[in-house]
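Read through the structure below, which is laid out as structure tokens, and then see the notes.
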């Protein structure tokens, strides 16, 4: 996932968010195998949250015969994940990237879609904070989650 132009409409923004959810789910595979204990349980919980959002988006976008972006067989990770520190770094990065896609949904939606986007953005921000804390990264929070940096 890279920086891109703002989506033109709600349907495109939600499709982009779905693509981000696919990538997040993929990333939690290499993340989880490098973690133990509470961190591994956290990775499973975060992955489950991304799976739930993916499933809800697939249903929503496919309603009425709409187009659903396909998941890819694999995604390029931004760096190799060979130890706990890199796994935590990737977890932070994937949550921040996913938050950016959900943030882009906010200005082009209203009602339930906007609420869903805000909840997803908040969830990603909370997970990124947890991962920063586990990695002992400071600051542990950012002022505007999902904001292009």
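Summary table
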{"quantity": "Per-region count, segment 31-41, residues surrounded by fewer than 20 Cβ atoms within 10 Å (Cβ to Cβ) and either under 20 Å from residue 146 (Cβ atoms) or out of contact with any helix residue (DSSP H, G or I) (no Cβ under 7 Å at 6 or more places or on another chain) (or both)", "calculated": "5"}
{"quantity": "Test for residue 140: is it over 16 Å from residue 15 (Cβ atoms), free of Cβ contacts under 8 Å to residues at least 12 places away in the same chain, out of contact with any strand residue (DSSP E or B) (no Cβ under 9 Å at 6 or more places or on another chain) and in a helix (DSSP H, G or I)", "calculated": "no"}
{"quantity": "Filtered residues of segment 94-109 (kept if surrounded by fewer than 23 Cβ atoms within 10 Å (Cβ to Cβ) and within 9 Å of the chain's Cα centre (by Cα))", "calculated": "96, 97, 100"}
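Laboratory data are not the source of any read-out in this text; all were calculated from the coordinates shown. Computed from a prediction, not measured in an experiment: that's the story for all the values here. Cβ sites come from the backbone with ideal geometry, for glycine too, and all protein chains shown count toward neighbours.
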